[in-house]
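Beneath this line is the structure, given in structure tokens, with notes to follow.
What follows is calculated from the coordinates using simple rules that are stated; it is not laboratory data. None of these values were measured; they are calculated from a predicted model. Cβ: placed from backbone, ideal geometry, glycine included. Neighbour counts: every protein chain shown.
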Amino acid sequence: MPNKLIALAAERLRAGGVVAFPTETVYGLGADARNEDAVRRVFAIKGRPAEHPLIVHLAEIDQAGAWAAEITQPARQLMARFWPGPLTLVLPARDDVPRVVTGGQDSVALRAPNHPMALALLRKFSGGLAAPSANRFGAVSPTEAWHVRTAFGMQVDQLLDGGPCRYGLESTIVSLLDERPRVLRPGALPLSALREVLGEDGIEFGEQPNLASPSVSSSLPRVPGSLAAHYAPATPLEIHPIEALPARAAALLNQGLRIALLRRNQSLRGKPSLPSLPQFLLPARAETYARSLYARLRELDRFAFDCVLVEAPPDDETWWAVNDRLSRAAASR
């Protein structure tokens, strides 16, 4: 653990600086959540609209009371089971929480990341860090330090390199503002894990897992990553069942476009013959697919294809977070 670098990063945060740091999900762009000027600088660097709230990252469960006006029993259960980990909880905000952090809302999103470097930084800093993903607003999230360096260069005061992120997708977001917990964003923590704690009927969905309508209802609190178009690479994406890929590829080739295929790494026995095109592979299992997805999308951008045809993953619950990110990335075209 580079203790001197972490101590320097904490010092810079106390001085109002902005530090990029790794978590188990994606890299974050952090600032002192109590310093409104520092938080506004995060918004400016990222190009993030002011009404989009940030997640406050904490080192310990007992710090949540400094930010949340009320912590319900389900919230305590989830914290005890999944913190530190890839779970963000939306709770009523205390009056003293800067509304620049919450996007002007009376709720605050809290999380304790499960990454040794992130936790070391948070403990050294001794406070909450407001941190969105360390990328330009709406773009693919960073899962390695060089992704952050490429996006921001010297705009960030310090970048802590903690290697590739373990999960590669953002945290699951659960709102505790209503009587029953409600999932507002699927993410790295699977829904099955939430049900183990809350019961089969103990959780609701801010949106049903219907990828044709990925935007969150305006009656629900705004949370990161809830726009219909988000997480987008520079190259336009189209998502199709593998059976439809040959015909769609032929149509695009007839238009003189440069295209590529992105599919799961599995046997094509019994599947239609795919055209002779550049093919990029992702793992066949949901967890490893998710871990590699953003890095693969960044790689595809280097080739400047006119379009990438993506094999639609399975539509079962295990793939909900992956399908959510792909649908939003494709919507951006």
message: If I take R0 = 45 Å and measure r between the Cβ atoms of Ala244 and Met154 in this structure, what FRET efficiency does the formula 1/(1 + (r/R0)^6) give, to the nearest 0.05?
response: 0.50
field: Simple spin-label estimate for Asp62 and Gln77 in nanometres, 7 Å along Cα-Cβ
entry: 2.4
message: If I take every Cα pair under 8 Å that is 6 or more residues apart in the stretch 237-331, average their sequence separation and divide by the length, what percent do I get for the relative contact order?
response: 43
- prompt: To one decimal place, what Kirkwood hydrodynamic radius in Å is obtained for the stretch 237-331 from all pairs of distinct Cα atoms?
  reply: 13.7
- prompt: In degrees between 0 and 90, to the nearest 10, how far off the longest principal axis of the chain does helix 116-125 point, with axes built from Cα atoms?
  reply: 30
task: Using Cα positions and a limit of under 17 Å, work out the lysines in reach of Lys4, with same-chain residues fewer than 8 apart set aside.
output: Lys124
message: Given 37 °C and 0.692 mPa s, compute D for the stretch 69-182 with the Stokes-Einstein relation, Rh being the Kirkwood radius over Cα pairs; round to the nearest whole µm²/s.
response: 209
message: Tell me the net charge near Gly162. Cut-off is 12 Å between Cβ atoms, Gly162 excluded, with +1 for each Lys or Arg and -1 for each Asp or Glu.
response: -2
- prompt: Taking a point 7 angstrom from the Cα of Ala193 along the C-beta vector, which residues in the stretch 59-96 have backbone N less than 11 Å away?
  reply: 81-88
statement: Ordering 189-200, 9-20 by per-residue average of other C-beta atoms within 10 angstrom, highest first, gives 9-20, 189-200
- request: Quick one: divide the alpha-carbon radius of gyration of the stretch 37-124 by 2.2 N^0.38 Å and tell me what you get.
  value: 1.09
field: For the chain: relative contact order, % (alpha-carbon pairs under 8 angstrom, 6 or more apart)
entry: 19
- request: Take each of the peptides 230-239, 168-177, 100-109, average the number of other beta-carbon atoms within 10 Å over its residues, and list them starting from the highest.
  value: 168-177, 100-109, 230-239
statement: Net charge (Lys, Arg +1; Asp, Glu -1) of residues whose beta-carbon lies under 10 Å from that of Arg264, Arg264 excluded, is +1
task: Treat each spin label as a single point 7 Å out from the Cα along the C-beta direction, and report the Ala69 to Asp178 distance in nm.
output: 2.0
query: What share of all Cα pairs of the stretch 1-157, in percent, falls into each consecutive 5 Å distance bin?
result: 2, 10, 20, 23, 23, 14, 6, 2, 0
Mean Cβ neighbour count within 10 Å, used as a protection proxy, ranking 304-314, 25-35, 51-61 highest first: 25-35, 51-61, 304-314
- prompt: Points 7 angstrom from Cα along the Cβ direction at Glu36 and Gln279: gap in nanometres?
  reply: 5.7
statement: For the chain, whose charge dipole is built from +1 on Lys and Arg Cβ atoms and -1 on Asp and Glu Cβ atoms, the candidate among Thr172, Phe43, Gln155 with its Cα farthest towards the positive end is Gln155
- prompt: Among bridges DSSP assigns within the chain, what percent are antiparallel (round to 5)?
  reply: 40
